[in-house]
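K.L.:
Mind having a look at this structure? Questions to follow.
What follows is calculated from the coordinates using simple rules that are stated; it is not laboratory data. All figures in this text were calculated on a predicted structure; none of them were measured in a lab. Quick reminder, even Gly has a Cβ in these numbers, built from the backbone with ideal geometry, and neighbours come from all protein chains shown.
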Amino acid sequence: MNKLPFFLLLALTIGCSSDPTPDTDTAKADLQKTLPGTWESVSLRVDINTANGTDTSYVFEVREEEWISRLGVKPVKTYYKLDNKYEQVFTSLTDTILSTSRGMWNVFGDTLMMVEPNATYHYEAGIENGLISLKARLDWDGDGEEDDDYLGVHRKISSATE
């Protein structure tokens with residue numbers, strides 16, 4: 001039996017395959033290391049496509065300087081804990097806690113996964129200049145279609161996780 005085709009195929013497979021992409025490993029390590037702490041929402045943008053099942057599309061955007069005036073609440077704070085748990089706190093302008101969500105977080109390459117009892121979120125995450133951007137396709141308008149493009153930007157305000 002001629003083993004040459006087998007070894008050529010093996011060499012081609014090894015030559016064309018790559019390690020688990022060092023950039024992805026680096027991104028995961030950076031995100032895993034940088035994430036624990038307290039983060040505050042800076043801005044959000046949602047491109048709402050086929051709003052409520054119609055051909056209508058629009059953009060909902062809130063920049064940092066208009067957060068309070070447009071939303072009437074303080075920026076959302078998210079506490080990422082070292083044990084991979086997180087807590088998001090929504091606070092009124094009078095410091096009353098309006099709601100809290102809790103769950104588990106984990107990093108897979110450049111993806112941040114956040115799991116709550118009734119929902120799981122996957123964000124493409126990027127960290128630059130002390131800010132984290134979280135991108136996802138989700139159902140923002142509640143029309144049953146995950147066709148809306150979300151971008152949230154958050155600033156780390158503390159390394160404390162409580």
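K.L.:
Can you say whether ASP143 is of a type in the set (Asp, Glu) and surrounded by 15 or more Cβ atoms within 10 Å (Cβ to Cβ), as far as the supplied structure shows? Steps first, please.
P.N.:
Numbers: of a type in the set (Asp, Glu): yes; surrounded by 15 or more Cβ atoms within 10 Å (Cβ to Cβ): yes.
Spelling it out, ASP143 is indeed of a type in the set (Asp, Glu) and surrounded by 15 or more Cβ atoms within 10 Å (Cβ to Cβ).
K.L.:
Given the options GLU124, GLU128, GLU146, name the one that is over 25 Å from GLU65 (Cα atoms) and free of Cβ contacts under 8 Å to residues at least 24 places away in the same chain. Talk me through it step by step, then tell me what you get.
P.N.:
On the way: GLU124 fails: over 25 Å from GLU65 (Cα atoms); GLU128 fails: over 25 Å from GLU65 (Cα atoms).
Result of the check over GLU124, GLU128, GLU146: GLU146.
K.L.:
Let me ask something else. Polar (S, T, N, Q) and not in a strand (DSSP E or B) - does that describe any residue in the range 130-149? Give the derivation first.
P.N.:
Step one: list which residues in the range 130-149 are polar (S, T, N, Q), which gives 133.
So of that shortlist, the ones also not in a strand (DSSP E or B) come out as none.
Checked the range 130-149: no residue is polar (S, T, N, Q) and not in a strand (DSSP E or B).
K.L.:
Find the residue count for the range 109-129, including only residues that are surrounded by fewer than 14 Cβ atoms within 10 Å (Cβ to Cβ) and in a strand (DSSP E or B). Steps first, answer last, please.
P.N.:
Initially, the range 109-129 is screened for residues surrounded by fewer than 14 Cβ atoms within 10 Å (Cβ to Cβ), giving 116-120, 128-129.
Add one more test, that the residue is in a strand (DSSP E or B), and what stays is 116, 119-120, 128.
Residues meeting the conditions: 4.
K.L.:
Which of the residues belonging to the range 150-162 are closer than 25 Å to ASP83 by Cα and either part of a loop (DSSP other than H, G, I, E, B) or not β-branched (Val, Ile, Thr) (or both)?
P.N.:
As a first pass, look at the range 150-162 and keep what is closer than 25 Å to ASP83 by Cα: 152-162.
Selection gives GLY152, HIS154, ARG155, LYS156, SER158, SER159, ALA160, THR161, GLU162.
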